[in-house]
Structure formats: C-alpha cells, structure tokens
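Everything on this sheet refers to the single structure shown next.
The values are calculated or read from the model by the stated rules, or taken from the named source; none is laboratory data. Everything quoted here is computed from the prediction, not taken from an experiment. Every residue, glycine among them, receives a Cβ derived from its backbone with ideal geometry; neighbour counts consider all protein chains shown.
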C-alpha cells in the first residue's frame, strides 16, 4: 500500500511548526512551501529537522543523503512537497522489502 502523502505532509508540517516555533511561518505549510523563502530556515533548523525525521522514520528516510543529492540551487529552492515525496518513496521502498521492488502483488 503506497505511503499516505497527506499524512506525511501533516507530520512534516508539525515538525516544522515545532522547529520554527511558528515564527517565520505565515499560514499553512503545504506541498509548495519552500524551506528558505517561506519558512526562512537556517542550517540549525535543518539539523533539527533531520533529527526529528531520524527519530520518526529511523534509517528508512536518509535526509542527509537526500540533501546531498541536490545542487546548491535546488537546495535553496527545496519545497516541502519534495521532502514529502522523498519520504513516501523511502517508506514505499522499505515496505517492498529486499528483492521485492517491482514485484507484482
């Protein structure tokens, strides 16, 4: 069963509200919310988010590897939706188990 992106978005938004303590967050966090321009996140905020993701998803979601795979411009314009999609794909791949990726149900 595919990961529920709306549930993941809600969890990520909750993490982001806690990290930013609602400062710098105008309105609802959506899939199109950007980390830099909309949330004004600083590097310490990103580290905090990485820790929260690790606590919630364990080794299933490797946030550091995800960020490392982006060039500087892409990282600067990263949207919450891109992270949600990364989490969903990671969870889906973990649920498929080793050797089961692409195997028909």
Quiz item: Looking at (1) outside any helix (DSSP H, G or I); (2) surrounded by 15 or more Cβ atoms within 10 Å (Cβ to Cβ); (3) modelled with pLDDT of 90 or more, which is the one condition that is false for residue 25?
Solution: (3)
Practice problem: With the condition kept exactly as written, say whether any residue in the range 39-49 is farther than 24 Å from residue 4 by Cα and surrounded by 18 or more Cβ atoms within 10 Å (Cβ to Cβ). | Solution: yes
Quiz prompt | Residue satisfying all of: in the range 1-17; farther than 15 Å from residue 57 by Cα and part of a loop (DSSP other than H, G, I, E, B); modelled with the highest pLDDT among these | solution = 2
Exercise. Just need a number here: residues in the range 42-91 that are outside any helix (DSSP H, G or I) and over 16 Å from residue 32 (Cα atoms).
Key: 6
Self-check item: Odd one out for residue 31, checked against (1) surrounded by fewer than 17 Cβ atoms within 10 Å (Cβ to Cβ); (2) modelled with pLDDT of 95 or more; (3) part of a helix (DSSP H, G or I); (4) touching a helix residue (DSSP H, G or I) at 6+ places or on another chain (Cβ under 6 Å)
Solution: (3)
